[in-house]
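Structure first, commentary second.
Each reported figure results from applying straightforward, stated rules to the coordinates on display, with no laboratory input. If you're wondering where the values come from, they're calculated on a predicted model, not measured in any experiment. Methodologically, a virtual Cβ is constructed for each residue, glycine included, from the backbone with ideal geometry; neighbour enumeration extends over all protein chains shown.
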Amino acid sequence: MALSDISKLTAAAGFTERSDPFTLFGEWLKEAETSEPNDPNAMALATVDEEGLPNVRMVLLKGFDERGFVFYTNFQSQKGQEVLAAMKAALCFHWKSLRRQVRVRGIVEEVSAQEADAYFASRPRDSRIGAWASQQSRPLESRFALETAVALTTAKYAIGEVPRPPYWSGFRVKPLAIEFWHDRPFRLHDRVVFSRPDEGSGWSKARLYP
């Protein structure tokens, strides 16, 4: 391959010129919302247990701004307990239709009670019932036991609003590093990482070898 051909293949895509990772992320997410067949806001959440053994699972991004990336969960679940123990986490978005990936690493804070209440109230009623009925991540003796718990909770809140359980809330991952990856021919991918030493500092940007 001629040097000029390689230069064309690795020419900086528009995203490599951005100086604000959150603006860039918003642009990529908006494009994913039109191209991904399901859940463009899906992200892999990585945590570690008390032995340092990693765990990863898919969750849904429910909001983001310059403060970070927000998701909600049962704090008594395995992921909830692992996040609370370390208050650090990593995220990965993969949009196959766009051949793009975003990786996030950072520290974690709990969202405010007001934020959690507002999001919980926006959920479908059956999902709010499920938050009370499910003892997430704990052993379940049978499907019938879960259905019974749902029925009992439904009866309990037959009238009026379903309040947010005290153990159910949200986390905000406040990034210290955000890496944007874009597939390019011949594995000469574009990789740009934004990083900062702490949440109060400005971002530095660097290109990485693929």
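Relative to 2.2 N^0.38 Å, what does the C-alpha radius of gyration of the chain come to as a ratio? Two decimals please.
Values: Rg = 20.3 Å, N = 210, 2.2 N^0.38 = 16.8 Å.
Normalised Rg, Cα atoms only: 1.21.
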Quiz item: Which residue, chosen from G202, N74, M58, occupies the Cα position most advanced towards the positive end of the dipole of the chain, where the dipole is computed from +1 (Lys, Arg) and -1 (Asp, Glu) charges on Cβ about the Cα centre?
Solution: M58
Exercise. Give me the distance in nm between label points sitting 7 Å out from Cα along the Cα-to-Cβ direction at S35 and R18, one decimal.
Key: 1.3
Quiz item: To the nearest 20 debye, what is the magnitude of the charge dipole of the range 93-210 about its Cα centre, counting +1 on the Cβ of each Lys and Arg and -1 on the Cβ of each Asp and Glu?
Solution: 680
Exercise. Using the Cα centre as the reference, give the magnitude of the dipole from point charges on the C-beta atoms of the range 70-120 (Lys, Arg: +1; Asp, Glu: -1; all else neutral), rounded to the nearest 20 debye.
Key: 600
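Defining a contact as two alpha carbons under 8 Å apart and six or more residues distant in sequence, what relative contact order in percent does the chain show?
Working: 326 pairs, mean separation 45.5, N = 210.
Rounded, it is 22 percent for the chain.
Give the peptides 177-188, 69-80, 153-164 in descending order of average Cβ contacts within 10 Å, highest first. All intermediate terms of the calculation are to be shown ahead of the outcome.
Details: 177-188: 15.9, 69-80: 20.0, 153-164: 12.5.
The peptides rank, most packed first, as 69-80, 177-188, 153-164.
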Self-check item: E147/Q76 FRET efficiency (R0 22 Å; Cβ-Cβ; nearest 0.05)
Solution: 0.60
Exercise. Determine the relative contact order of the range 132-194: mean sequence separation of Cα pairs under 8 Å and six or more apart, normalised by residue count, in whole percent.
Key: 21
Quiz prompt | FRET efficiency estimate (nearest 0.05) - Cβ-Cβ, E27 to R67, R0 30 angstrom | solution = 0.95
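Which entries in K62/K205; K30/K96; K88/K174; K79/K156 show an alpha-carbon gap greater than 20 Å? Provide the component values of the computation, followed by the final result.
Values: K62/K205 26 Å; K30/K96 14 Å; K88/K174 9 Å; K79/K156 28 Å.
From K62/K205; K30/K96; K88/K174; K79/K156, over 20 Å: K62/K205; K79/K156.
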Quiz item: Relative to the longest principal Cα axis of the chain, at what angle does helix 143-156 sit, 0 to 90 degrees, rounded to 10?
Solution: 70
